[in-house]
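Presented below is the structure to which this report refers.
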Amino acid sequence: MSSTAMAPTPLANVHSVTDTLLAIPILTRSRPHTAWTRPQILASSGGSTSTAAAPQQASRRTALGLGLASIALAGGFVDRASLAEDNGYWYIGPIPVPPIYNKIANEATGTRSFVRSGIYIANIGEEGSRYRIRKYAFDLLALGDLVQKDLLNYVRRYLRLKGTIMYYDFDKVISAAPEPEKQPILDLANRLFDKLEKLEDAAKRDDFPAAEAVYKDAAVILQEVRDEIKYQSVGFLGAIGLWNLNILKSAASV
């Protein structure tokens, strides 16, 4: 509770006139007092006393109930996780590296320098891979604004992510293409990947003149990729939303 003192105080001014002013209110605040209470005595016999055991028993019952509930929930989660191991929506363990069935790797190294491991690549079928190749070719064409002296590190990271997914998509498209179309797509993929390797190497060495020159050549091939790789929009539109998450999921591992 707060109390306010409002006692009048007579004061004399310079003209000997007495004025009555209210004193400044003095606010007091009382803190709530919490009294310590002794435990309730249930019985006393022979000088020995016993306190109330009911709250302790209730606490033990509550703890026991929570423990049993936790065990039940954990058991259900383990069962659901074991059932979901083969559902195709997540991997238990490291992300597997897809196999390559066509000759698109560098013969000297057996791979491509820009290909990274640990990048999730959504399986959206052959038509989806065609669409994604065209889309990523467009993204790499837009990379030209970043080919600057102080930004080559970002060029390299972006190239690794896009190039890795295009590498596996090209392999899938080549495998599914009719026999007369396989060799032209294979040649196109190898010409593109040769340029991307040179661009990745120039960015790694921080060689801006070389990176600028190589990118100009790569841009011509990227436009050719967009012109040559066709896709049919029917049959995969429901799946293209999956690969939109690749950038967010994989950027940290590039």
FRET efficiency for Val97 and Lys149, using Cβ-Cβ distance with R0 set to 45 Å, rounded to 0.05: 0.85
Quick one: length gained pulling Thr62 to Lys204 fully straight, 0.36 nm per residue minus the C-alpha distance? 45.0 nm
For labels at Ala176 and Asp227 in the simple 7 Å Cα→Cβ model, what's the distance in nm? 2.5
Against the empirical 2.2 N^0.38 Å scaling, what ratio does the C-alpha Rg of region 135-201 come to? 1.23
Based on the Cα gyration tensor of region 85-210, what are the three equivalent ellipsoid semi-axes, each the root of five times an eigenvalue, rounded to whole Å and given largest first? 25, 19, 14
Work out, step by step, the length gained on full extension between Arg157 and Ser113: first 0.36 nm times the residue separation, then minus their alpha carbon distance; give nm to one decimal. 14.6 nm
According to a simple spin-label model (label point 7 Å from Cα along Cα-to-Cβ), what is the distance in nm between Ala213 and Leu141? 2.5
Return the sequence-ordered ³J(HN,Hα) values of region 206-213 in whole Hz as given by the Karplus equation 6.51 cos²θ - 1.76 cosθ + 1.60 applied to θ = phi - 60°, using x for Gly and Pro. 6, 9, 5, x, 5, 5, 5, 5
The set of residues whose placed amide H lies less than 5 Å from the amide H of Ile119, leaving out same-chain residues fewer than 5 positions away, is none
Simple label model, 7 Å out from Cα along Cβ direction - Val220 to Ala105, nm: 3.0
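Values in this text are rule-based calculations from the coordinates and carry no lab data. Please read these numbers as outputs of a predicted model, since none were measured by experiment. Backbone-built Cβ (ideal geometry, glycine too); neighbour counts: all protein chains shown.
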